[in-house]
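Everything below concerns the one structure shown next.
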Amino acid sequence: MSSDVAHLLQSVRNGTATPPAQVPDSLIPRSIEEAYAIQDEVGRHLGPIAGWKVGSETPDSEPFCAPIHAATVFSDGADIPADLCRHRGVEAEIVYRFDRALPPRAEEWARDEVLDAIGTIHPAIEILDSRFEKPGSQHRLLHTADQQSHGALIVGHGVTQWRQFTPVMQQVNLSINNQSVADHAGGNSAGDPLRLLVWLANHASRREIGIWAGSVVTTGSTTGTIFVGHDTEVMACFPGIGSVHAHLS
């Protein structure tokens, strides 16, 4: 069953299948582990992993994640190709870049070990996409299997003094075509992103992938998701951390 879902998702990516409006119940992953196995199978066709996205519905619930592949990671000022994403759901996010690797190992990674491996904190824009007809239209495990609905990640310049920032209180401003659409403090349903990073380090270790030096990890939307059209300018600003801009062709 998981191979059938992986084949469907990859066929949509390749343009050889139409994004489905609905998936039969028989193809819904029976567990989160099965959804991650589908991620891995699809990921074998997507090129090298450059990072991860991780989030959580509440500050206390089990996080969820997906690898991010190098072909969908961009730098500040990028022009995102029009055909990269079918849907363009814009989110302002905080990214951490790891300077030291946290490879797979039998022993759990301790919180201090994970935090000591972080090098910088960055402003970022994630573009949410879907291989289904409509974002958010399927069982949550299908969206997890679909690389957690990742489309693209645009990462701004980093700041090494990442420990001085408190993300749950961090101000964020998101503007679209030079008009502010979100301006507030906090906003991430997951709460403290450092909890997510520790969880991710051990999750990636158990999946025998690990987190490698240079990996970027984006930690969930601080602004919700705003869908935009083509030829759109997007800027996310986190005062003190910095800003990041992209043009969505």
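At a glance:
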item: Gain in span if fully extended, Glu62 to Asp4, counting 0.36 nm per residue against the direct Cα distance; result: 18.2 nm
item: For Gly214, net neighbour charge (Lys/Arg +1, Asp/Glu -1) across residues whose Cβ lies under 15 Å away; result: +1
item: Summed residue charge, Cβ within 10 Å of Gly89's Cβ, Lys/Arg positive, Asp/Glu negative; result: -2
item: Computed label-point distance, nm, for sites His45 and Ala82 using a 7 Å Cα→Cβ extension; result: 2.5 nm
item: Summed side-chain charge close to Ala124 - residues other than Ala124 whose Cβ falls under 11 Å, Lys, Arg +1, Asp, Glu -1; result: -2
item: Test item: Cα-centred dipole of region 117-249, Lys/Arg +1 and Asp/Glu -1 on Cβ, debye; result: 440 debye
item: DSSP loop GluC sites (Glu not before Pro) with at most 16 other Cβ within 10 Å: longest gap in the chain; result: 134-207
item: Tensor-based shape of region 115-249 (alpha-carbon gyration tensor, a/c under 1.5 rounded, otherwise prolate or oblate); result: oblate
item: Cα-projected label distance for Ala21 with Ser75, points at 7 Å along beta-carbon direction, nm; result: 4.4 nm
item: Difference of contour (0.36 nm per residue) and Cα-Cα distance, His139 to Met169; result: 7.6 nm
item: Extension reserve of the Ser249-Ile32 stretch, reckoned as 0.36 nm per residue once the Cα distance is removed; result: 74.7 nm
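Where a number appears in this text, it was derived from the coordinates with a stated rule and is not lab data. Note that the structure is predicted; figures quoted are calculated from it, not measured. Please note: Cβ atoms are built from the backbone with ideal geometry, for glycine as well, and neighbour counts cover all protein chains shown.
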